[in-house]
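First the structure, in the form of structure tokens, and then the observations on it.
The values are calculated or read from the model by the stated rules, or taken from the named source; none is laboratory data. Fair warning: this is a prediction, and the values are worked out from it, not measured in the lab. A quick note on method: Cβ atoms are made from the backbone with ideal geometry, for glycine too, and the neighbour counts reach across all protein chains shown.
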Amino acid sequence: MDTRFLESLLIVVEQGSIAAAARQQHLTPATVAQRLRTLEEEIGCSLVQRNGRHVRPTEHGLAILEQSRQIITSVRELCVIATSDTPVGKLRLGAISSVANGLLPPYLKRFFECFPEIELHIMPGSSSALYNAVLDGALDAAFIVEPPFDIPETYVRETLRSEPLIVLVPGDVTEADPHEILRNYPFIRYDRNQWGGRLADDYLKRTGIWPHERLELDALDAITIIVNQGTGVSLIPDWALPWPEGFYLKKVLLPDPVPCRKLGFLFEKETLKRRLINRLLDTLKYPIKAFEI
């Protein structure tokens, strides 16, 4: 259905005359009359009745007037949005927990200050699950750890942050050698099913360290809490997060070369949401001091 025909119907009803409506729209009366006939054929009922030169809506015509106005208004708004320089729309994003809890909040504050008309829906999940969601089209983009494999050429991954592995220990540990700590203290393992956890596991294997494993889990914030309680030590990325008050922890650095967990932003090259994604990338370009110990 051509919305211009609905507009002609509204003007005819408003003017009470096909000739007057034609003058207002800079059309011939025959063109306006043809538009009305086409509408009536499409809808399947008579919309106006003529009494000489005067035209008034039928009961069916009256029934669709308000919704017709809403449709025309919505179409005009769409045209404004499509041609405006102000980005408007919704992005479906995924974010691993360490990004959602630590890295992202300061950027979101800046983003909404700059682009208040863009709506974000953020879904939590593991890097592997979010990666698949982007490739399946369930998400427009995702904040994930660098995959341990090459991504398809039709996708882009922008690196946002590089996080070196560290040995996280309770604050009362005096040992300074990271390898000795990993060998001699109870070990809280970062889940090997996570891409970041595989990085830590590869490091332990490469250095020939077989720690006294006490627990394995996939949440970096939970690992941090458990280490703070003195339950053990851990080998994790030096991630950005809001550290709770009262924590007493130490970060022991590894010798070079240090493996790094790379956090990035994954999206499809030719996505229809590229304009909105570019605005988000513009925000992410400029460093913001994240939460630190």
If a residue counts only when it is crowded, with 18+ Cβ neighbours inside 10 Å and at pLDDT 95 or above, which strands (runs of 3 or more DSSP E) contained entirely in region 223-293 have at least 2 such residues?
233-237, 260-268
All positions within region 18-47 that are closer than 19 Å to Glu66 by Cα and buried (at least 19 other Cβ atoms within 10 Å of the Cβ)
Ala21, Arg35, Leu36, Leu39, Leu47
Out of the residues in region 129-158 meeting the condition of being of a type in the set (D, E, K, R) and part of a strand (DSSP E or B), tell me which one is surrounded by the fewest Cβ atoms within 10 Å (Cβ to Cβ).
Glu158
With the structure loaded, tell me whether Phe115 is modelled with pLDDT under 90, surrounded by 19 or more Cβ atoms within 10 Å (Cβ to Cβ) and assigned by TED's automatic domain parsing to the domain that holds Asp136 or whether it fails that test.
yes
What about Arg50, is it touching a Gly at 6+ places or on another chain (Cβ under 8 Å), within 14 Å of Val12 (Cα to Cα) and basic (Lys, Arg)?
no
If I ask for residues that are assigned to a helix (DSSP H, G or I) and aromatic (Phe, Trp, Tyr), which ones from region 104-128 would you list?
Tyr107, Phe111, Phe112
For the subset of region 159-189 comprising residues that are in a loop (DSSP other than H, G, I, E, B), in contact with a helix residue (DSSP H, G or I) (Cβ under 9 Å, 6 or more places away or on another chain) and over 22 Å from Gly208 (Cα atoms), which member is modelled with the lowest pLDDT?
Gly171
Does Pro164 satisfy the criteria of being surrounded by 15 or more Cβ atoms within 10 Å (Cβ to Cβ), of a type outside the set (S, T, N, Q), within 30 Å of Leu284 (Cα to Cα) and touching a Cys at 6+ places or on another chain (Cβ under 7 Å)?
yes
Among the residues of region 190-201, is any under 30 Å from Gly94 (Cα atoms) and basic (Lys, Arg)?
yes
Give the residue that is modelled with the lowest pLDDT, with candidates limited to residues of region 1-15 that are more than 12 Å from Thr31 (Cα to Cα) and exposed (fewer than 14 other Cβ atoms within 10 Å of the Cβ).
Met1
Filter region 71-99 for residues that are at pLDDT 85 or above and in a helix (DSSP H, G or I); the one that is nearest to Ser128 (Cα to Cα) is Ser97
